[in-house]
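Let me begin by presenting the structure, written as structure tokens, before commenting on it.
The values are calculated or read from the model by the stated rules, or taken from the named source; none is laboratory data. Note that the structure is predicted; figures quoted are calculated from it, not measured. A quick note on method: Cβ atoms are made from the backbone with ideal geometry, for glycine too, and the neighbour counts reach across all protein chains shown. The accessibility values were calculated without ligands, DNA or RNA, using every heavy atom of the protein model including side chains. Shrake-Rupley method; radii C 1.70, N 1.55, O 1.52, S 1.80 Å.
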Amino acid sequence: MLRFRLLCALGAALAAVAALAPVAAGPTVAAPAIAATATTAAAAAAAPTCGGERPAKPTGGRYACTFEDEFDGTALDRSTWVVQETAVTGISALGKGCYVDDPDNIRVASGQLHLTARKEPAFFPCKGPLFTYNAERTAATIGTYGKFTQTYGRFEFRAKMPATTVTGIHSALWLYPQKHTYGGWPNSGEVDVAEWFSADAGRVYPSVHYAGENTLLSTGYNCTMATAGTEYHRYAVEWTPTSMRFLYDGKECFSHAWTPSAPLTAPQPFDQPFYVVLTQVFGGSWNAITQQTPPEATMSVDWVRVWQ
């Protein structure tokens, strides 16, 4: 699939957020190969339950919950999530946008997280650390960088994509490495649990990105979801040392066993902690903005749950 490589830079940008902006929570704790990490006292005090669900493991037994956010409050939990801001990182959003930390773009209400990309009433200066550019669109990305990471397990989102079939809108639920252990993108890997493009609104794309991938084999092209923009669906990946198995509404629609370029050997680069990322932006390339593109688009997330 022709995907937007700039989207992958968001993981590095979130790292820059953590490095440049003060974080109230404690420092990141490095995870062992198959351990989850939670670096806040709140996480330690209240063990996650994942709604009481314990999905069956492919190898037998049941998963145990390691992380959840049900978005039951009235604001984003800043002990769990870091907000991407162009003002801090200098990274611009797709569709000539500006990443902002604003309630018009990031909102929690009625048990749901709402991430919104917006065309603003007029152009405005989008200020970065080293430069400023004129933008007319704002976008939203949040991630658990420095807050929660995990290697292997089941990562799942219950979400509804924007309600449009007009080209120009892009949503993503994905995972990115806490550290670039094997080098810059794509060497250290990326897992797109669910990418949605309004130009192909009846399909959701899972992908596994790494050095040496064959994109004809590392992206799932047959994960149809006719009501992605009108109904909530569950998007999950089961990650083991040998494969990524993607399940939409509990049914497998794609799986991939990776073979990275030398000098890496499997399970590298997917043998290290990744964090969770949620993104709502305008599109580009074959999903580019047109005159008919809606001025506002929202992805709503009911919950995020992780098991091991």
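A compact table of results
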read-out: Directionally averaged projected area (convex hull, Cα atoms, the chain), nm²; value: 14.9 nm²
read-out: Residue-by-residue Karplus 3J(HN,Hα) for region 150-167, coefficients 6.51, -1.76, 1.60, Hz, glycine and proline x; value: 7, 10, 6, x, 10, 10, 9, 10, 10, 8, 10, 6, x, 8, 8, 10, 8, 4
read-out: Dipole magnitude of the chain, debye to nearest 20 (Cβ charges: Lys/Arg +1, Asp/Glu -1, about Cα centre); value: 300 debye
read-out: Furthest towards positive pole of dipole, Cys98, His233, Ser243, structure part the chain, Cβ charges; value: Ser243
read-out: Label-point gap, in nm, between Phe123 and Lys57 - each point 7 angstrom along Cα→Cβ; value: 5.6 nm
read-out: Debye, to nearest 20: dipole size of region 144-265, +1 on Lys, Arg Cβ, -1 on Asp, Glu Cβ; value: 260 debye
read-out: Solvent-accessible area per residue for the chain (1.4 angstrom probe, square angstrom); value: 40 Å²
read-out: Among Ser171, Ser207, Ser110: highest mean-square fluctuation, GNM of the chain, C-alpha pairs under 10 Å; value: Ser110
read-out: Two-site FRET efficiency, Thr230 against Thr259, from Cβ-Cβ distance with R₀ of 41 Å, rounded to 0.05; value: 0.60
read-out: Pairwise label distance in nanometres, Glu296 with Ala87, each label 7 Å out on the Cα-Cβ vector; value: 2.1 nm
read-out: Residue-wise HN-Hα coupling along region 252-267, computed from phi with Karplus coefficients 6.51, -1.76, 1.60 (Hz; x: Gly, Pro); value: 5, 10, 6, 9, 8, 10, 8, 10, x, 5, 4, x, 6, 9, 4, x
read-out: Percent carbon-and-sulfur accessible area, the chain, ignoring ligands, DNA and RNA, probe 1.4 Å; value: 55 percent
